[in-house]
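See below for the structure under consideration.
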Amino acid sequence: MQPNKEELNLLLEKYLQGKASQAEISLLFRWLNQLDLSEEIDNPFVAEEKIGQIMKDRIFSRIRENPTSIKEVKLFPNWLRPVAASILLLIGLVFIFHQFQNPSPASSPILLSTEPNMIKEFFLPDSTRVILNASTTLELADDFNEESRQVKLTGEAFFDVSQDIEKPFIIHSGEVQTHVLGTAFNVEAYERENQFRVSLLRGKVEVSDERAYVAELLPGQMLVYDVSDHIGSVESIAPEHIGAWINHKIIFNDVPLQDAISRLEAHLDSSVEVDPALSLNGLYVTGEYANGEAEQALEAILLLHDMNFEKKGGTIYISK
């Protein structure tokens, strides 16, 4: 059953006051996830009152319409961060609507994911902002934000963590954990890669593994951790390179060639096959490319390494 304007307005007020029940929150999620506000609020000088009114107007207009297909969540601009807390919470309701349309047992984790060549933005229940790169999965514990904030990441994501001293934000990536109180940083934890990376934009993070390795990062630093050898090194990184993929750039900072090829494949409409006789060991890639030119970037990288690029049908073949 669709709520009328008065009912939905009441639910909004109850949610912002922390008085909404789970069933009421679920109803809000279903409606708010259908909003597409990116065009209306793409101007950083729009007042927050106007943003709030746009949201409410769009919600109420939906009451008179039949439900339409859900659109992918579009990236909001960086200026959104200073918007009032109540508005941020309202936007945060777009968080993974289908978990509430198709409820799962309480013990089941909540999964956020992206397909190849897709970037999506989410706000978690604690108002943490997360942007997932292509082919990435983020798993939230079923009790997220009750006593702790723990997530599991496979792929790459940019986090802008809402500060809560009593509930540290912990990201699990294999045997590596990144501990956060409140900060903005990028994590690269691709499943088939041998390197794990954390780049810090602001704040402070601590990274540890099961063998007592610990590293603390300051803004402008990147940890490169070797998963096989359990050894990490801290390097400097240009702030504009941290999470540059959000702005549709592909930046490699001394990334193994095999890993670079896999990442580029996530932005291609073609599959990639490497000649089994071709060794990529000891080869690395550093460079900046446009996200929409992944195929050209791959061809240029292979050329630098004296390798052949051949496209047949829907497959790209790499050989010597």
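Read-outs: derived from the displayed coordinates by stated rules, not from any lab. In this text, all values refer to a predicted model and were calculated from it rather than measured experimentally. Virtual Cβ from ideal backbone geometry, glycine too; neighbours counted across all protein chains shown.
A few comments on the model shown:
- Selected from Phe159, Val187, Leu218, residue furthest toward positive end of dipole (region 148-251; charges at beta carbon): Phe159
- Between the beta carbons of Asp126 and Glu310, assuming R0 = 45 Å, the FRET efficiency works out to 0.40 to the nearest 0.05.
- Quarter the surface of the alpha carbon convex hull of region 189-274 and you get the mean projected area, 6.4 square nanometres.
- Among the GluC sites (Glu not before Pro) found in region 221-292, not one is both in a DSSP coil and sparsely packed, with 14 or fewer other Cβ atoms within 10 Å of its Cβ.
- Label zone at Lys320, where the point sits 7 Å out along the Cα-to-Cβ direction: region 286-303 residues whose backbone N lies under 16 Å: 303
- Coordinate range along principal axes, alpha carbons of region 114-236, Å, largest first: 35, 35, 26
- Projected label points at Glu273 and Glu216, each 7 Å from Cα along the beta carbon direction, are separated by 5.2 nanometres.
- In this structure, the pairs whose alpha-carbon distance is over 31 Å, taken from Lys152/Lys320; Lys249/Lys312; Lys249/Lys320, are Lys152/Lys320.
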